[in-house]
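The values are calculated or read from the model by the stated rules, or taken from the named source; none is laboratory data. Note that the coordinates shown come from a computational prediction; the quantities given were computed from them, not determined experimentally. A quick note on method: Cβ atoms are made from the backbone with ideal geometry, for glycine too, and the neighbour counts reach across all protein chains shown.
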Amino acid sequence: MSNILIINGHQFYPYSQGRLNKTLVDETVSILSEQHNVKTTTVQEGYDIKEEQEKIKWADTIIFQTPIYWFSLPTLFKQYFDEVYEYGVIFAGAERYGQGGLLTGKTYMLSTTWNAPESEYGTPDGFFKGLDLEGTLEHIHATQRFVGMEALESFSIHDVIANPQVETYLVKLREHLNKVFELKLAV
């Protein structure tokens, strides 16, 4: 049984109220808590920096559930990293740039919601100019590599505002969690 921290990085906007990201977090907690110890944080509800640092140290795996706003993290989620990823606690200096992470041995998974259609990824004439999902998330992956964590395969759902299909998203989430965490669950 491992320790898993799930962080909901959603930030409320009138056109994006957070129901989908909350639903995904709730489903993830429900699935993983059967075989793992699970803690959660909802960034928008506030957090204590020292408590978050302890949760991160406790966790074997961290799942970052977040919408993608303007091709990046919501402002409050970026602020979370700025405040919680403290020098001397989460990372330190090193001879070589990017090698001072103090979270080695830990893994993380990005779980993202996008309004961009899936067809725009991995194709040279698509909006992302040939980048696949992981390529579009590289700046977020770099942050986690910097602190020493290793990536698990990311999860994403697309067209969430233009073409919402919540039940389909939940099936895809269960399939992904089964695969990544080697669970034996019915999908």
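Structure values in brief
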| read-out | value |
| --- | --- |
| Segment 52-75, residues that are not in a helix (DSSP H, G or I) and not hydroxyl-bearing (Ser, Thr, Tyr) | 59, 60, 62, 63, 64, 65, 67, 68, 70, 71, 73, 74 |
| Yes/no for residue 98 being touching a residue at least 12 places away in the same chain (Cβ under 8 Å), assigned to a loop (DSSP other than H, G, I, E, B) and closer than 19 Å to residue 7 by Cβ | no |
| Residue pairs meeting the criteria (Cβ under 9 Å; at least 6 apart or on separate chains; first without any contact (Cβ under 8 Å) to a residue 40 or more places away in the chain, in segment 161-179; second in a helix (DSSP H, G or I)) | 178/31 |
| Residue check, residue 126 closer than 26 Å to residue 101 by Cα and part of a loop (DSSP other than H, G, I, E, B) | no |
| Subset of segment 1-17 that is free of Cβ contacts under 8 Å to residues at least 40 places away in the same chain and not aromatic (Phe, Trp, Tyr) - its residue that is nearest to residue 159 (Cα to Cα) | 17 |
| Neighbours by Cβ (under 7 Å, 6+ apart or cross-chain): first from segment 118-140, touching a residue at least 12 places away in the same chain (Cβ under 8 Å) and over 15 Å from residue 151 (Cα atoms); second hydrophobic (A, V, I, L, M, F, W, C) and surrounded by 13 or more Cβ atoms within 10 Å (Cβ to Cβ) | 121/128; 121/131; 121/133 |
| Selection within segment 145-172 - among the hydrophobic types (A, V, I, L, M, F, W, C), assigned to a loop (DSSP other than H, G, I, E, B) and under 16 Å from the mean Cα position of the chain (by Cα) | 147, 149, 152 |
| Residue match in segment 76-83 (condition: closer than 23 Å to residue 3 by Cα and assigned to a loop (DSSP other than H, G, I, E, B)) | no |
| Residues located in segment 134-160, provided they are more than 20 Å from residue 85 (Cα to Cα), among the small types (Gly, Ala, Ser) and touching a strand residue (DSSP E or B) at 6+ places or on another chain (Cβ under 6 Å) | 154, 156 |
| Single condition residue 115 does not satisfy, out of (1) surrounded by 13 or more Cβ atoms within 10 Å (Cβ to Cβ); (2) at pLDDT below 95; (3) within 20 Å of residue 145 (Cα to Cα) | (3) |
| Filtered residue count, segment 149-161, keeping only those that are surrounded by fewer than 18 Cβ atoms within 10 Å (Cβ to Cβ) and more than 23 Å from residue 172 (Cα to Cα) | 0 |
| Scan of segment 134-144 for residues that are buried (at least 16 other Cβ atoms within 10 Å of the Cβ) and over 13 Å from the mean Cα position of the chain (by Cα), ordered by number | 136 |
| Test: residue in segment 47-58 that is farther than 30 Å from residue 183 by Cα, of a type in the set (D, E, K, R) and at pLDDT 95 or above | yes |
| Selection count, segment 11-25, where residues are surrounded by 14 or more Cβ atoms within 10 Å (Cβ to Cβ) and of a type outside the set (Gly, Ala, Ser) | 7 |
| Scope segment 15-51; condition more than 26 Å from residue 174 (Cβ to Cβ) and in a helix (DSSP H, G or I); matching residues | 49, 50, 51 |
